[in-house]
Amino acid sequence: AASGGGRAAPCPLPVLLLFLPGLAAGPTGMLQPRDTPSRERRELGGLWSFRADLSPGRDAGFTQRWYRRPLRQTGPVIDMPVPASFNDITQDPSLENYIGWVWYEKEVLLPRRWLQGDPAPRVVLRFGSAHYYSIVWVNGVQVVEHEGGHLPFEADISSVVQGSPGALCRITVALNNTLTPHTLPPGSIQYMADKSRYPKNYFVQNIKFDFFNYAGIHRPVVLYTTPAAYIDDITVTTTSSDSVATVQYQVSVVGSTANSLSLSLRDQEGKVVATGDGPVGELKVLNPNLWWPYLMHENPGYLYSLEVQMQAQVGRALLEDVYTLPVGIRTVHVTSSQFLINGRPFYFHGVNKHEDADIRGKGLDWPLIVKDFNLLRWLGANSFRTSHYPYAEEIMDLCDAYGIVVIDESPGVGIKLPESFGNKSLQHHLAVMEELVRRDKNRPSVVMWSVANEPASELPPAAHYFKTVIAHTKALDPSRPVTFVTDANYALDHGAPYVDVICVNSYFSWYHDPGHLEVIPLQLTAQFENWYKTYQKPIIQSEYGADSVPGLHSDPPMMFSEEYQQAMLREYHSVLDKKRKEYVIGELIWNFADFMTNQGTTRVLGNKKGIFTRQRQPKAAAFVLRDRYWKIANESSCLPPVITSHSLFL
């Protein structure tokens with residue numbers, strides 16, 4: 001696939017950054033910003049100034065130092081909403097497919113109380129995500145740079161803003177969406193040298209994944225404060241047996257040695273059910289309310305609140321910091337044929353998704369998020385995979401609260417080229433897993449990490465690569481199983497020996513034997529039996545599906561009709577119903593909703609495998625899946641069998 005085109009080459013990231021040293025995002029804690037008695041937060045959403053660097057080398061912003069003065073003084077700027085992808089906002093086709101550096105700027109006034117005190121509070125600038133490579137300046141001073149488009153990064157800007165005259169804070173962001181063989185996801189720039197067919201210096205961005213490479217500041221930008229000495233990180237793990245649960249915790253403090261550190265665990269009524277003190281310890285909870293998935297319990301997604309209070313002496317000042325962390329008490333265990341949550345078998349009946357919608361692209365949008373969760377619960381879905389990158393923290397918060405189980409996937413999609421399995425790529429992949437685990441380690445909804453989707457795992461270097469990535473992820477978090485999603489042949493996959501759960505994508509009668517629904521029972525049965533015989537590990541059908549154009553009908557069913565999508569699902573379901581009694585532990589439809597892709601001869605305004613349209617209207621297949629998922633829920637739920645698709649949430 002190819003995306004974008006231009007008459008000038010974007011500066012290759014490694015070359016450009018050789019002479020742009022900056023402060024890399026350090027291995028600090030990454031607690032989600034929250035308002036507490038000791039902390040304030042301020043979102044910077046809305047309109048930012050925006051300018052794409054259209055210079056021949058895409059480097060004018062650096063050579064002319066656009067970050068040294070207001071962006072409007074460097075040349076023409078336009079308004080750009082944040083959060084949002086920039087691609088679909090304007091009527092400019094060159095911006096829709098732009099590759100290279102773009103610049104954002106926002107000027108804000110800080111409250112005087114943020115700049116005063118002895119010691120003054122710590123002021124932090126945080127980005128939920130920006131795709132793909134970011135360099136950030138505040139008042140012309142570089143404060144952070146970050147590689148990766150789907151995870152948060154932040155910088156302590158106290159010394160910059162507290163040393164500046166007045167309270168003005170000018171935030172400048174340079175953002176580059178170029179993908180290389182060593183980024184995650186990978187890509188490559190291809191230069192078209194044939195001058196009889198292409199303009200001078202023409203290039204395209206090639207990618208090996210099937211969704212549009214949207215770019216921009218996709219998630220909220222936040223300024224927040226903490227005391228000068230503060231709670232930097234909290235790690236929680238939970239176990240339970242009989243009528244007692246144990247919440248193990250570890251708290252790190254930065255800025256001073258804490259004089260005192262106390263913890264209180266409160267239930268949803270505000271009652272304190274356990275207390276502790278010190279940076280490391282455990283809390284005992286009698287008769288706990290466990291965190292259960294949606295449709296496994298009448299009160300799914302039960303969350304306690306862990307309040308951590310710190311006091312520390314800094315100079316003559318006694319500083320206090322308070323942070324509250326939602327905590328769900330639940331266990332996860334994998335056997336050779338089952339996935340257990342709180343000791344009970346759990347069957348994934350869910351979806352794969354994308355952060356994707358009209359106009360805003362991958363930008364966070366609350367109405368869309370709430371609509372999607374309402375559709376998930378209408379559907380009877382209990383789970384989804386964050387295909388093919390980590391989703392916004394706001395989405396993950398609702399998964400915790402609603403009991404939606406998550407397979408948390410890294411941006412490791414499209415790892416196809418041999419050079420993408422080298423040490424440079426490996427080291428970056430390890431760093432990304434560290435960022436992902438650090439962000440989501442305390443979430444009860446996250447029951448498994450996925451390190452990649454459909455890599456070329458049949459290549460010999462994949463063995464060392466995935467053995468290393470999976471071992472590293474397990475070392476970071478021993479409490480969760482780890483997988484990656486494969487479409488390789490069971491006998492050739494070099495990464496499968498290292499996963500805890502086999503996740504397999506297959507599209508029988510679509511990409512293979514297109515139009516021949518009759519081959520599905522034989523081929524899908526053989527797929528499951530071959531994988532299980534080889535590895536004796538539980539299996540998830542992590543993708544399956546067919547494109548359907550809304551309103552296109554055909555009987556007998558033909559490809560791209562709504563009837564064909566329905567028929568394919570039913571053929572898969574007949575086999576899944578047999579194998580889920582043995583060792584198949586889940587099924588995730590591809591896809592929840594239609595989504596945008598690069599232009600191509602097989603994509604009519606994107607991928608049409610959604611059971612909902614891109615505008616979230618149901619196709620016929622949505623009703624097939626809804627009937628199935630509610631039937632499965634009634635079979636496996638501990639709730640009375642009178643559950644209906646209306647009783648739990650409408």
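The values are calculated or read from the model by the stated rules, or taken from the named source; none is laboratory data. These figures come from a predicted structure and were not determined experimentally. Neighbour counts are summed over all protein chains in view; Cβ atoms, including those assigned to glycine, are modelled from backbone coordinates with ideal geometry. Note: areas computed on protein heavy atoms with side chains; ligands, DNA, RNA excluded. Shrake-Rupley method; radii C 1.70, N 1.55, O 1.52, S 1.80 Å.
Among the criteria (1) of a type outside the set (Asp, Glu); (2) part of a loop (DSSP other than H, G, I, E, B); (3) within 28 Å of the chain's Cα centre (by Cα); (4) within 30 Å of Gln313 (Cα to Cα), the one Gln116 does not fulfil is (3). Please verify whether the range 94-104 includes one or more residues that are under 25 Å from Thr225 (Cα atoms) and in contact with a helix residue (DSSP H, G or I) (Cβ under 7 Å, 6 or more places away or on another chain). No, the range 94-104 has no match at all.
Within the range 28-43, being in a loop (DSSP other than H, G, I, E, B), closer than 16 Å to Glu393 by Cβ and touching a residue at least 60 places away in the same chain (Cβ under 8 Å) holds for Gly29, Met30, Leu31, Gln32, Pro33, Arg34.
Test Thr275 against the criterion of being outside any loop (DSSP other than H, G, I, E, B), touching a helix residue (DSSP H, G or I) at 6+ places or on another chain (Cβ under 8 Å) and more than 17 Å from Pro444 (Cα to Cα), and give yes or no. Taking the combined requirement at face value, the residue does not satisfy it. Can you find a residue in the range 257-273 that is of a type in the set (Ser, Thr, Tyr), farther than 30 Å from Leu115 by Cα and open to solvent by 50 Å² or more (accessible area, probe 1.4 Å)? Scanning the range 257-273 turns up no residue that is of a type in the set (Ser, Thr, Tyr), farther than 30 Å from Leu115 by Cα and open to solvent by 50 Å² or more (accessible area, probe 1.4 Å). For Phe612, all conditions in the list (1) more than 20 Å from Ser509 (Cβ to Cβ); (2) among the hydrophobic types (A, V, I, L, M, F, W, C); (3) modelled with pLDDT under 95 hold save one; what is the number of the exception? Only one criterion is unmet by Phe612, namely (3).
Out of contact with any Asp or Glu (no Cβ under 9 Å at 6 or more places or on another chain), open to solvent by less than 40 Å² (accessible area, probe 1.4 Å) and modelled with pLDDT of 95 or more: which single residue out of Gln617, Gln536, Gln566, Gln541 fits that description? Just a single option satisfies the conditions, and that option is Gln566.
Inspect the range 219-235 for any residue being of a type in the set (Lys, Arg), assigned to a loop (DSSP other than H, G, I, E, B), at pLDDT below 95 and not assigned by the TED database to the domain that holds Gly600 and give the result as yes or no. No, every residue in the range 219-235 fails to be of a type in the set (Lys, Arg), assigned to a loop (DSSP other than H, G, I, E, B), at pLDDT below 95 and not assigned by the TED database to the domain that holds Gly600. Is at least one residue of the range 348-363 at pLDDT 95 or above, open to solvent by 10 Å² or more (accessible area, probe 1.4 Å) and assigned to a helix (DSSP H, G or I)? No, that holds for no residue.
A single member of Pro478, Pro411, Pro455, Pro444 is within 21 Å of the chain's Cα centre (by Cα), without any contact (Cβ under 8 Å) to a residue 12 or more places away in the chain and assigned by the TED database to the domain that holds Ile589, and it is Pro478. Comparison of Lys537, Lys533 shows that the only residue that is closer than 24 Å to Arg580 by Cβ, among the charged types (D, E, K, R), touching a strand residue (DSSP E or B) at 6+ places or on another chain (Cβ under 6 Å) and not in a strand (DSSP E or B) is Lys537.
Considering only residues of the range 164-175 that are closer than 15 Å to Trp137 by Cβ and either of a type in the set (S, T, N, Q) or open to solvent by 30 Å² or more (accessible area, probe 1.4 Å) (or both), which is modelled with the lowest pLDDT? Ranking the candidates gives Ser164 first.
Give the residues of the range 183-207 that are buried (at least 20 other Cβ atoms within 10 Å of the Cβ) and part of a loop (DSSP other than H, G, I, E, B), sorted by residue number. Once the filter is applied, which keeps residues that are buried (at least 20 other Cβ atoms within 10 Å of the Cβ) and part of a loop (DSSP other than H, G, I, E, B), the range 183-207 yields Thr183, Leu184, Pro185, Pro186.
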